[in-house]
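Shown next, in structure tokens, is the structure this report addresses.
The values are calculated or read from the model by the stated rules, or taken from the named source; none is laboratory data. It should be emphasised that the depicted structure is a prediction, and the values quoted were computed from it without experimental measurement. Positions of Cβ are generated from backbone atoms using ideal geometry, with glycine treated the same way; all protein chains shown enter the neighbour counts. The accessibility values were calculated without ligands, DNA or RNA, using every heavy atom of the protein model including side chains. Shrake-Rupley method; radii C 1.70, N 1.55, O 1.52, S 1.80 Å.
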Amino acid sequence: MAHTLNLTLTPRQAVSEEQWLPIALRQIGAERSQLALARVVKRSVDARHRTPKVLLTVELYIDGDELPPPVHFDYPNVEHKREVIVVGGGPAGLFAALRFIELGLRPIILERGKEVSERKRDIARIGRGGEIDPNSNYAFGEGGAGTFSDGKLFTRSKKRGDYNRALQSLVFHGAQPEILYEARPHIGTDRLPKIIENIRRTICECGGEVIFDCRVTDILVRDGAVRGVRTADGRQFDSEVVVLATGHSARDIYYTLHNSGIRIEAKPFAMGVRIEHPQELIDTIQYHSAEWREVLPAASYSLVAQVGGRGVYSFCMCPGGVIVPAMTDSAECVVNGMSSSARGSRWANSGIVTEIREEDYGYLRAEWGELAALRYQQEMEMRARAAGAEGQKAPAQRATDFVAHRRSSSTARSSYTPGLVCGDMWEWMPRVVAESLRGGLINFDRRMHGFLTKEATLIGVESRTSTPVRVPRDKESLQHPEVAGLYPTGEGAGYAGGIISAALDGERVAEAAAIFLER
Ligand SMILES: Cc1cc2nc3c(=O)[nH]c(=O)nc-3n(C[C@H](O)[C@H](O)[C@H](O)COP(=O)(O)OP(=O)(O)OC[C@H]3O[C@@H](n4cnc5c(N)ncnc54)[C@H](O)[C@@H]3O)c2cc1C
């Protein structure tokens, strides 16, 4: 049996196996020549002290110990099996498809966007300020919003499924094995596209199918049960099971559901801005000195405050990352953040967002019904676009000017490549949102002294933190309560908030759908 050790190390002792292995071997009284395998099973950084500590849990296998099995998955051939339709090829759709294969069903993924390799060109064009292709952008295309995301894999909803198995599946498809033990696992934008391609390869090699440039426009329902879908090019796909995994940016799908009388519900969401700091500043605040940066990862933070009874919090923090234009239409301005696996840029960014409640979007109810929160979100994105002016430029303001209600005439250098337009966000942001963000920034500066600085730039608008619509489903069967065989899943349906939670939710609905088909 392996020896499991919990080591508390200095950052320099933890920097590589060369450094920590002699310490670990000493603790069990073994020689290096006796060692069959040494592996890290958990790693986290505790930066609360003047000198940060690295907590490592390691396993040492001595000659003769049974070694842990390698990560492996067996996906059967499902070429001639019963077909199920999956709408959307993001994490929820892809993991639903993989699970269907394991359960002996043949998934057909209908994806509005392009393959990763083609999508990359559209993403590059957007980065240069070019037009947004409404079917190929940061949200739409192979792998969904997950492909050009930051690739942080931490989730609070581990109970919803087999979290470790989902990570193993990502490693099986090409992710770095470190994600299996890091306390805050992270893949990085540079590595995600290859992993997504490998997942598609698994699905197709097993007899499943992925059809690109295939936008679903209608859900076909008869006698209270789903019968299939129709696509923009007039094709019809029949199936007793339709998994709806279209993500939170597919507004047209919400309109389709609403107009076809399939019940959806407006739901509170969160919005605000991205804040960008020099990474060195965040390292110095978090590690109490810039010196540790050589041997520790780019520092991150996670902040929460209550302002006037409203939650304000940091969201999707990207150390060593960049801010990207994440809109799906040129009439909107939406920003998000990502980083490469090395987290090597000189900037740190995160969303600073606040709750948007029924009382904020309620005035839109009379006209828009359950689409009220969605309309509110859309309106903010259009206001941000108007403030950002031409191309994909985004409105920006120094954090200190925002807090002082003062217009900015310049900002610090930014990673946002389409360009910034300096101004005053109070002019277009709803007062309640601006007040809340202001209070949050002041509070965060008290806890991370130096957070509020003129070197910090606010860039708008961070509006797609979560979906403003929920597609309801039955707690037990996971189907839509009024449409048998329709399985809303992932972030767009309101059941996930990130790559892993979407993937786990996709797996769950695939399992539920397989049971439904056995009835
Ligand atoms: C820049 C950025 C950074 C992010 N960073 C992180 C991170 O670090 N960690 C994290 O956990 N999450 C991150 N996210 C969020 C994460 O990507 C999403 O939570 C996740 O992708 C949701 O998965 P999903 O499958 O539910 O939906 P999506 O990934 O949105 O996928 C939906 C898919 O459906 C397709 N589709 C939509 N409508 C139709 C239609 N009508 N017909 C056919 N296909 C359709 C879309 O093209 C898309 O491929 C980030 C997102 C962005 C944009």
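Quick rundown of the values:
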read-out: Mean separation of Cα contacts under 8 Å, 6 or more apart, over the residue count of region 1-95: relative contact order %; value: 32 percent
read-out: Backbone HN-Hα couplings from phi across region 99-114 [Karplus 6.51/-1.76/1.60, Hz, Gly and Pro as x]; value: 5, 4, 4, 4, 8, x, 10, 9, x, 10, 8, 9, 10, 5, x, 9
read-out: Estimated vicinal HN-Hα couplings, Hz - region 411-416 in sequence order (Karplus 6.51, -1.76, 1.60; Gly, Pro = x); value: 9, 5, 4, 10, 7, 6
read-out: Under 5 Å, built H, 5+ apart or other chain: amide partners of residue 239; value: 228, 229
read-out: Whole-number accessible area per residue in Å² for region 3-62, which is evaluated in the context of all protein chains at 1.4 Å; value: 57 Å²
read-out: Value at 222 nm in deg cm²/dmol, rounded to 500, when DSSP H runs of n ≥ 4 in the chain each add -39,500 (n - 2.57); value: -8500 deg cm²/dmol
read-out: Protein accessible area in region 3-62, 1.4 Å probe - carbon and sulfur %; value: 46 percent
read-out: Three-way shape call for the chain based on the alpha-carbon gyration tensor, with the a/c threshold at 1.5; value: oblate
read-out: Accessible surface of region 269-462 [probe 1.4 Å, protein heavy atoms]: carbon and sulfur percent; value: 50 percent
read-out: Accessible area of region 269-462 divided out per residue, in Å², using a probe of 1.4 angstrom; value: 37 Å²
read-out: Three-way shape call for region 287-343 based on the alpha-carbon gyration tensor, with the a/c threshold at 1.5; value: oblate
read-out: ³J(HN,Hα) computed for each position of region 245-257 - Karplus, 6.51 cos²θ - 1.76 cosθ + 1.60, integer Hz, glycine/proline x; value: 10, 8, x, 8, 9, 7, 4, 4, 5, 5, 5, 4, 4
read-out: Three-way shape label, region 32-150, alpha-carbon gyration tensor, a/c 1.5; value: oblate
read-out: Principal semi-axes in Å for region 3-62 [√(5λ), Cα gyration tensor, largest first]; value: 22, 11, 9
read-out: Sites matching GluC sites (Glu not before Pro) across region 478-519 that sit in DSSP coil, with at most 16 neighbouring C-beta atoms within 10 Å; value: 482, 518
read-out: Region 319-349-region 264-315 distance, computed between alpha-carbon centres (Å); value: 14 Å
read-out: Relative contact order (%) - criterion: Cα under 8 Å, at least six apart; region: the chain; value: 18 percent
read-out: Separation between Cα centres of region 2-31 and region 199-238, rounded to whole Å; value: 52 Å
read-out: Average Cα contact separation per residue, region 225-331, under 8 Å, 6 or more apart, as relative contact order %; value: 13 percent
